[in-house]
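Remarks on the structure that follows.
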Amino acid sequence: MKTVEMHVDLPLPASAAHDEAMELFAALGRHEPPFDELALAVGLRSLHIPVGGEVRIPVSTHVELAPMRWEASIELEAVDHPGLFPRFQGTLTLDPVGPMTSELWLQGTYAAPLGAFGERFDKAVLHGAAERSLRELLERIAAGLVAKIREREESAARRARGLT
């Protein structure tokens, strides 16, 4: 099993982001936009294939919210041939850092498929492809959260000015 622990800094106070984060985490679990065609991607160049492009693996998700702890448990698994790809189990957590900032964390574990052979293949050929694809997912979730908060703030500002 490999442990994954990564975060993205958010220019948002956690108190303002909490409800939107829980809604976004729930959308992830229900496969709703922007996660309706969720896939983890691996760039071909990162696999030492001298061609641009990427391999996208459609994944299914299972998410359980724990809003009082500001987190959600998450499981990711390939839709097709799940036994050939890593399965991730972990948590997404919104963590207050300061009065105007927070962090979005993804922590958990995954096991390379196919036992010892899969672990050697992951290390020798894939060079952390699973971690890179999880980082991309975390950044996508963070960008969606920031965009939703900004949209909500702009809408409130327009209403306050009487523009809507």
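The values are calculated or read from the model by the stated rules, or taken from the named source; none is laboratory data. Predicted, not measured: the structure shown is a model, and the values here were computed from it. Reconstructed Cβ throughout: ideal geometry from the backbone, glycine too, with neighbour counts over all protein chains shown.
Structure values in brief
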{"read-out": "Candidate set from region 1-22 (those that are part of a helix (DSSP H, G or I) and more than 14 Å from the chain's Cα centre (by Cα)); member that is surrounded by the most Cβ atoms within 10 Å (Cβ to Cβ)", "value": "ALA17"}
{"read-out": "Any hit, region 49-59, residues being closer than 30 Å to SER15 by Cβ, modelled with pLDDT of 85 or more and either of a type in the set (A, V, I, L, M, F, W, C) or part of a strand (DSSP E or B) (or both)", "value": "no"}
{"read-out": "Candidates LEU40, LEU28 - the one that is touching a strand residue (DSSP E or B) at 6+ places or on another chain (Cβ under 9 Å), under 24 Å from ALA129 (Cβ atoms) and not in a strand (DSSP E or B)", "value": "LEU28"}
{"read-out": "Neighbours by Cβ (under 6 Å, 6+ apart or cross-chain): first from region 4-17, within 8 Å of SER102 (Cβ to Cβ); second in a loop (DSSP other than H, G, I, E, B) and not small (Gly, Ala, Ser)", "value": "PRO13/MET100"}
{"read-out": "Residues (closer than 15 Å to PRO13 by Cα and of a type in the set (D, E, K, R)) located in region 67-117", "value": "ASP95, GLU103"}
{"read-out": "Residue check, PHE88 surrounded by 13 or more Cβ atoms within 10 Å (Cβ to Cβ), touching a Leu at 6+ places or on another chain (Cβ under 6 Å) and either under 28 Å from ARG120 (Cα atoms) or of a type in the set (S, T, N, Q) (or both)", "value": "yes"}
{"read-out": "Leading residue by the ranking (surrounded by the most Cβ atoms within 10 Å (Cβ to Cβ)) among those in region 100-120 that are among the hydrophobic types (A, V, I, L, M, F, W, C) and farther than 16 Å from GLY90 by Cα", "value": "LEU114"}
{"read-out": "Restricting region 121-144 to residues that are assigned to a helix (DSSP H, G or I) and at pLDDT below 80, the residue that is surrounded by the fewest Cβ atoms within 10 Å (Cβ to Cβ)", "value": "ALA124"}
{"read-out": "The one condition in (1) among the polar types (S, T, N, Q); (2) under 22 Å from PRO113 (Cα atoms); (3) in a helix (DSSP H, G or I) that SER73 fails to fulfil", "value": "(3)"}
